[in-house]
1. If you average the C-alpha positions of segment 159-199 and of segment 1-36 separately, how far apart do those two centres end up, in angstrom?
2. Counting only Cα, what are the radius of gyration and maximum Cα-Cα distance Dmax of segment 1-123, in Å?
3. Please compute one quarter of the surface area of the Cα convex hull for segment 140-252 and express it in square nanometres.
4. Quick one: of the DSSP bridges fully inside segment 5-248, what percent are antiparallel, nearest 5?
5. Round to a whole angstrom and tell me the spacing of the C-alpha centers of segment 123-156 and segment 41-59.
6. Pairs Lys59/Lys240; Lys64/Lys240; Lys137/Lys185; Lys13/Lys50: which are spaced more than 29 Å apart, C-alpha to C-alpha?
7. For the chain, what does the helix formula give at 222 nm: sum of -39500 (n - 2.57) over DSSP H segments with n ≥ 4, over the residue count, nearest 500 deg cm²/dmol?
8. Evaluate the Debye formula for segment 5-248 with equal point scatterers sitting on the alpha carbons, no solvent, and hand back log10 of I(q)/I(0) at q = 0.15, 0.17 Å⁻¹, in q order, two decimals.
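Each value in this text was obtained by applying a stated rule to the coordinates, not by laboratory testing. A quick note: this is a predicted structure, and the numbers were derived from the prediction, not measured. Positions of Cβ are backbone-derived with ideal geometry, glycine not excepted, and every protein chain shown enters the neighbour counts.
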Amino acid sequence: MITGNVIAVTSGKGGVGKSTVSVNLALALTRLNKRVAIIDLDIYGFSVPKMLNITDRPKTINNKIIPVGSHGLSVMSTGFMVRGNNPIVWRGPMLGRMVEHFFKDVIWGQLDYVILDMPPGTGDVALDLNHLLPNCKEIIVTTPHPTATHVAERAGTMAQNTNHEILGVIENMSYFSPPIENAEKYYLFGKGGGNTLAKTLDTTVLASLPMSIPNENGEVPTIYDETSNLFIHYNDLACKVEELTVTKASVN
Ligand SMILES: Nc1ncnc2c1ncn2[C@@H]1O[C@H](COP(=O)(O)OP(=O)(O)O)[C@@H](O)[C@H]1O
Ligand SMILES: [Mg+2]
């Protein structure tokens, strides 16, 4: 049983920053004093444990799983179920059971937000989600480039077809701006993809996030800390997500 607002961060496409957005949005929500979990649903391509530099494993009590705590988040990932960095070779039906397992057999406690880091594509996991968490909301991530937007549109259309509320679009890798005063913006992947996608899906752009390497020299490879220009962007994003969800918390 999962409580709170469940938000799937999806895209259709790989490499656009779903996991980066999931982790940093989750952390920004904890800065608003929210109780937040992140579930890595990219079963084959799990990345959240590494992104948060987690070496612990979940414990079990009476066949129930206690999620791993990291940076104030409760975390679950199939990465915890495998030894080392071995690839997962399960077929579809096992995958479905794993998703259900994450929702039903984990002691999550009271939560305000559950961020789901989705795999690329519109496959089994997205379908399972519809079945298991019909009240789940979605954030669609794209880059500004039309090919990314085109693929992300399919993920958005799937959300609409399954009656999942779309909270909005995040345009990631929108531009690069050198870290100097009054710096120019360089639109490395073109312009406007986020707006186009938001228009098509009848929603808004929640954030346009510039290029910035997360915590390059730090121990935790994915977190944008307060020294990063993206820290404020993520704080703003968390506030917007709170505004959009605060009156609409739903029981799943
Ligand atoms: N705004 C950004 N600026 C620079 N690099 C980024 C940005 N967002 C994501 N990345 C990097 O892009 C790569 C892919 O991001 P990831 O979150 O793993 O994408 P996905 O989960 O969609 O496959 C990672 O190496 C990540 O550090
Ligand atoms: Mg990912």
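1. 17 Å
2. Considering segment 1-123 through its Cα atoms, Rg and Dmax are 13.5, 39 Å.
3. 8.7 nm²
4. 20 percent
5. Here the two parts' Cα centres lie 21 Å apart.
6. Lys59/Lys240; Lys64/Lys240; Lys137/Lys185
7. -9500 deg cm²/dmol
8. -1.04, -1.35
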